[in-house]
Amino acid sequence: MEKDFINIVKSRRSTRQFSDESVSDETIQKILDMAAYAPSSWGGHPVEYIVVRDKTTMAELARCKQMGAGPLAYGEAAIVPIIDKRNLELWVEDAAVASTYILLAAEYYGVGACWIHMKDRRGHTNMAEDDIRSLLGIPDYYGILNAVSLGMKKKPSEERTIQPKVHHERY
């Protein structure tokens, strides 16, 4: 179900439980196509994506973090944005913006999504990033900020109203 931008922003939520309905490869590709347009430092578009669909690998990916990664085990797919950190000072910011585009594009296509933070988080054996590198064969010089779990929502998100905390001129 396609939505306009304002409704996408107002209704997007982290989805931690998913229905049994499948997310097509075509929809995942459309989400990634939108993520490619995310702004990046110096316009370099350095973000690469690993798409995981294998249920066993997704469960192992969830175990790479001590707590809070359950949606990776229960989702239909996971996207792990990675960036070659060599000669790239702003890799965290670039990964964050690209991941935000993934979340918004998922909402646009009616897919539930949940950001799972991995950078500087403990895993069950090592740091989460190190466990993910080992699991997915990612070189050491790649940064891993997060993973995004995808799956069809059990129920549609509803718009909400949030008031911004704004200061004019000074705090």
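What follows is calculated from the coordinates using simple rules that are stated; it is not laboratory data. Being a predicted model, the structure only gives us computed values, none of them experimental. Here the Cβ is made from the backbone with ideal geometry for all residues, glycine too, and neighbour counts use every protein chain on show.
Side notes on the structure shown:
- Take every Cα pair under 8 Å whose residues are at least 6 apart in sequence, average their separation, divide by the length of region 85-147, and the relative contact order is 37 percent.
- Based on alpha-carbon atoms, the Kirkwood radius and the radius of gyration of region 13-83 give Rg/Rh equal to 1.00.
- Kirkwood Rh and Cα Rg combined as Rg over Rh, evaluated for region 7-48: 1.07
- Full-extension gain in nm, Val166 to Asp140, via 0.36 nm per residue minus C-alpha separation: 5.3 nm
- Between Ser22 and Glu158, the contour length at 0.36 nm per residue exceeds the alpha carbon distance by 46.8 nm.
- The shape of region 63-144 can be summarised by an equivalent ellipsoid whose semi-axes, obtained from the alpha carbon gyration tensor, come to 21, 18, 10 Å from longest to shortest.
- The trypsin sites (Lys or Arg not before Pro) found in region 1-92 that occupy coil by DSSP, while having at most 13 further C-beta atoms within 10 Å, are Arg86.
- If R0 is 25 Å, the Cβ-Cβ spacing of His117 and Asp4 corresponds to a FRET efficiency of close to 0.30.
- Partners for Lys153 among lysines (Cα-Cα distance below 23 Å; same-chain residues under 8 apart left out): Lys3, Lys10, Lys30, Lys55
- Compactness of the chain, expressed as Rg and Dmax over alpha-carbon positions, Å: 16.3, 52
- Whole-Å semi-axes of the ellipsoid equivalent to region 87-128 (Cα gyration tensor, √5λ, descending): 24, 17, 5
- Contour minus Cα-Cα distance for Ser11 and Asp84 (0.36 nm per residue): 23.0 nm
- Dipole magnitude of region 28-133, debye to nearest 20 (Cβ charges: Lys/Arg +1, Asp/Glu -1, about Cα centre): 260 debye
- Take the Cα of Glu93, step 7 Å toward its Cβ, do the same at Ser41, and the gap between the two points is 0.7 nm.
- Antiparallel %, DSSP beta bridges [both residues in the chain], to 5: 95 percent
- Dipole magnitude of region 39-78 about its Cα centre (Cβ charges: Lys, Arg +1; Asp, Glu -1), debye to nearest 20: 120 debye
- Here region 1-49 is treated with +1 on each Lys and Arg Cβ and -1 on each Asp and Glu Cβ, and its dipole about the Cα centre works out to around 400 debye.
- Qualifying lysines (Cα of each under 18 Å from Cα of Lys85; at least 8 residues distant if same chain): Lys119
- Using a cutoff of 8 angstrom between alpha carbon atoms and counting only pairs six or more residues apart, the relative contact order for region 33-171 works out to 29 percent.
- Per-residue ellipticity at 222 nm computed for the chain from its helices equals -10000 deg cm²/dmol, with DSSP H segments shorter than 4 residues left out and the rest contributing -39,500 (n - 2.57).
- Using the Cβ-Cβ distance between Asp130 and Asp33 with R0 set to 45 Å, the FRET efficiency works out to roughly 0.90.
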